[in-house]
1. Among the residues of segment 113-132, how many are out of contact with any helix residue (DSSP H, G or I) (no Cβ under 9 Å at 6 or more places or on another chain), farther than 17 Å from Phe88 by Cα and either at pLDDT 75 or above or surrounded by 18 or more Cβ atoms within 10 Å (Cβ to Cβ) (or both)?
2. Looking at (1) over 15 Å from the mean Cα position of the chain (by Cα); (2) in contact (Cβ under 8 Å) with a residue 12 or more places away in the chain, find the lone condition where Gly31 falls short.
3. Could you tell me how many of the residues in segment 49-84 are more than 25 Å from Thr151 (Cβ to Cβ) and part of a strand (DSSP E or B)?
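The values are calculated or read from the model by the stated rules, or taken from the named source; none is laboratory data. Keep in mind it's a predicted model, so treat the numbers as computed, not measured. Note: ideal-geometry Cβ built from the backbone for every residue, glycine included; neighbour counts use all protein chains shown.
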Amino acid sequence: MPDQIVVERSQHISAAPADVFAHVVDLTKWGQWSPWDSKDPNMQKTFTGDAGTVGSGYSWVGNRNVGEGRMTITDVDAPNRVTIDLEFLKPFKDHSVSELSVAQSGDGSQVTWKMITENTLMKKFMGIFKSLDKMVGPDFEKGLAGLKRITEA
């Protein structure tokens, strides 16, 4: 089995890369398109730092569908890419790195959302029943569709 698991989805959006990137890099705007906000509309979020900059982030506490954790921006290459460190605290502790890339594509943008995580023993066991790609991939697809909806409006 591989040492890392990569989950990746892409979406074409008919909006300029800079407009799309503005919604990706500013974590305070994620509530407009994030797939997890709809899983817990009462999720408590605390934002830190200057939005859209390295070191900014947010922590959340939610129901069993979203758990508890924090996101911190670790790298910004505007308007092309943002890298985010994800630390999950509940329902179990875990760590991953998420990267959202925005590239010019014809009349709009190609957005790619990628998550890289260590293939721990627990994930290998869980993978027997359902792969991480099948668990997280649909959330990425829903999030990218939401991003498309708000940036094309």
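1. Qualifying residue count for the region: 0.
2. Unmet condition: (1).
3. Adding up the residues that qualify gives 5.
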